[in-house]
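Where a number appears in this text, it was derived from the coordinates with a stated rule and is not lab data. Keep in mind it's a predicted model, so treat the numbers as computed, not measured. All Cβ positions, glycine included, derive from the backbone under ideal geometry; neighbour counts span all protein chains shown.
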Amino acid sequence: MNGHAIREAARAIAALEHDGICRKGAGEPYFNHVERVAANVWGWRRKALAYLHDVIEDSSGSNGRKQMEDTLRRIFYSDGRLVTDLLALTHGEYETYDAYIDKLIAWGVLDCLYVKLADLEDNLADLSDIPGMQHKQKTYLKAKARIELAIAEKESA
């Protein structure tokens with residue numbers, strides 16, 4: 001599969017997996033969020049990761065997550081790194097948010113960091129419209145600052 005085909009397959013999978021699901025608070029179709037995240041990154045690999053960034057996380061339970069991971073590995077067998085990077089980008093089921101951000105920064109792949117930054121920016125834009133979300137907003141702002149620093153350090157190295 002070439003980059004264009006991988007990006008389009010990722011988009012189709014995300015559209016299917018998020019079909020009928022609405023964003024908490026915003027009430028809009030979840031896929032709109034995924035589209036905005038993908039629109040705010042450059043390159044086929046980043047766009048593919050952006051489309052898929054919540055697919056494993058939103059699969060129900062450990063079995064659902066493992067089945068989704070296995071399915072994605074079969075679909076994207078020609079680019080095994082894509083799913084490996086996607087796993088780094090996925091918030092673990094039993095992982096604190098800080099530990100998740102630590103893991104992502106330690107992974108150090110710019111594609112993943114840029115997708116997470118776009119995800120945080122979109123989440124923050126949504127949260128500004130929802131009353132009572134100050135704690136989550138602070139958490140996301142702290143994570144955004146850490147991701148931006150990690151990107152700057154990677155790009156200057």
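With 0.36 nm allotted per residue and the present C-alpha distance subtracted, the Tyr97-Ala5 stretch has 29.9 nm of extension available.
Footprinting exposure proxy ranking of Cys112, Cys22, fewest other C-beta atoms within 10 angstrom first, gives Cys22, Cys112.
For region 64-157, the set of GluC sites (Glu not before Pro) satisfying both a DSSP loop assignment and a count of at most 13 other C-beta atoms within 10 Å is given as Glu93, Glu95.
Comparing the chain with the 2.2 N^0.38 Å rule of thumb, its C-alpha radius of gyration ratio is 1.00 (two decimals).
In nm, give the distance between the simple-model label positions of Ala15 and Gln67, each being 7 Å from the Cα along the Cα-to-Cβ direction. Between Ala15 and Gln67, the label points sit 2.3 nm apart. The stretch between Trp42 and Leu110, if pulled fully straight at 0.36 nm per residue, gains 23.3 nm over its current Cα-Cα span. Less than 5 angstrom separates the built amide H of Cys22 from those of Tyr30, all sequence-distant by 5 or more or on a different chain. What is region 1-91 by shape, rounded, prolate or oblate, if you read a ≥ b ≥ c off the alpha carbon gyration tensor as root eigenvalues and call it rounded for a/c under 1.5, prolate for a/b larger than b/c, and oblate otherwise? Oblate, because a/c is 1.5 or more while a/b does not exceed b/c. Once C-alpha pairs closer than 8 Å and six or more residues apart are averaged by separation and normalised to the residue number of region 3-156, the relative contact order reads 21 percent.
Please work out how much length the chain gains when fully extended from Ser78 to Glu155, using 0.36 nm per residue of separation minus the C-alpha to C-alpha distance, in nm with one decimal.
Details: separation 77, 0.36 × 77 = 27.72 nm, distance 2.75 nm.
Full extension of this stretch gives 25.0 nm more.
For region 3-156, the Cβ-based charge dipole about the Cα centre amounts to some 180 debye (Lys, Arg positive; Asp, Glu negative; other atoms uncharged). The spacing between region 84-157 and region 5-78, judged by their C-alpha centroids, is 16 Å.
Between the DSSP loop rule and a limit of at most 15 other Cβ atoms within 10 Å, which chymotrypsin sites (Phe, Trp or Tyr not before Pro) in region 34-66 are left? Walk me through the numbers before you get to the answer.
On the way: sites: Trp42, Trp44, Tyr51; in loops: Trp42.
For chymotrypsin sites (Phe, Trp or Tyr not before Pro) across region 34-66 that sit outside H, G, I, E and B with at most 15 neighbouring Cβ atoms in 10 Å, the list reads Trp42.
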